[in-house]
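The values are calculated or read from the model by the stated rules, or taken from the named source; none is laboratory data. Given the structure is predicted, the values throughout are model-derived calculations rather than measurements. In this analysis, Cβ positions are derived from the backbone assuming ideal geometry, glycine residues included, and neighbour counts consider all displayed protein chains.
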Amino acid sequence: MTAIRVGNSFTDVFDPINLPFADHAIGDNTTVNGGGTVAADASGYSTLIAGNNVAQNSWNYEFFNDGVAAVAQLAGFDPTVPGLYTIELEAFDQACTSLAATSINVQTIPLPGTALLFGAALAALGAGLGSRRLHRRGQVATA
C-alpha cells in the first residue's frame, strides 16, 4: 500500500495492487526481470493476483488523479502545488503483517519559480565567463 501526504493537507491510502484491473506485470519469486504476465482484462488480472506473489508496477500519480483513469485516493494530488509530498510504500504478507516500508520526500516548485532560478544561474554563469574574457583581453593588451 502507499500512503500519500500531498502538500501538508491530504492523506489517504492507495493500494496499487488490489485494484479491479491494472497493467502490472505479475509473476512469482522465480519470474525473471521482464518476464511477468500482464492481464488483458479484469478477470485475468484477478486470476493473476490470486495465484502469484510478485507484481512489478510503476505509477505516475499525475496520470491517475483526474479524468477517465482517476483513482479516488489520488484526487487531491496536484504536483503543480508547491509543497512537500511524502510517498510511503509498505509491503504486507497475507496476514497483513508489515514486512518492509520505505518513503521518499519530494519537494515541488512550480515551473515559474524553477525557470527564474534557472535563468539566474545562467545569468551568473554568463557574467562569470564575460568577466573572464575581459580579464584575458586586458592581459593581452598590456603584454
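Test residue 40 against the criterion of being over 22 Å from residue 108 (Cα atoms), exposed (fewer than 12 other Cβ atoms within 10 Å of the Cβ), more than 18 Å from the chain's Cα centre (by Cα) and modelled with pLDDT of 80 or more, and give yes or no.
Numbers: over 22 Å from residue 108 (Cα atoms): yes; exposed (fewer than 12 other Cβ atoms within 10 Å of the Cβ): yes; more than 18 Å from the chain's Cα centre (by Cα): yes; modelled with pLDDT of 80 or more: yes.
Taking the combined requirement at face value, the residue satisfies it.
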Identity of the residue in segment 96-117, over 22 Å from the mean Cα position of the chain (by Cα) and surrounded by 10 or more Cβ atoms within 10 Å (Cβ to Cβ), that ends up modelled with the lowest pLDDT:
116
Return the total of residues in segment 43-64 being within 17 Å of the chain's Cα centre (by Cα), without any contact (Cβ under 8 Å) to a residue 40 or more places away in the chain, closer than 21 Å to residue 90 by Cα and surrounded by 10 or more Cβ atoms within 10 Å (Cβ to Cβ).
3
Name, by its number, the condition in (1) of a type in the set (A, V, I, L, M); (2) at pLDDT below 80; (3) more than 25 Å from the chain's Cα centre (by Cα) that does not hold for residue 123.
(2)
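Report yes if residue 85 is of a type in the set (Ser, Thr, Tyr), in contact with a strand residue (DSSP E or B) (Cβ under 6 Å, 6 or more places away or on another chain) and surrounded by 15 or more Cβ atoms within 10 Å (Cβ to Cβ), otherwise no. I'd like the intermediate steps shown before the answer.
On the way: of a type in the set (Ser, Thr, Tyr): yes; in contact with a strand residue (DSSP E or B) (Cβ under 6 Å, 6 or more places away or on another chain): yes; surrounded by 15 or more Cβ atoms within 10 Å (Cβ to Cβ): yes.
In short, yes.
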Failed condition for residue 46, given (1) of a type in the set (Ser, Thr, Tyr); (2) within 30 Å of residue 107 (Cα to Cα); (3) assigned to a helix (DSSP H, G or I), with all others met?
(2)
Can you find, within segment 69-95, the residue that is modelled with the lowest pLDDT among those that are within 11 Å of residue 108 (Cα to Cα) and not in a strand (DSSP E or B)?
79
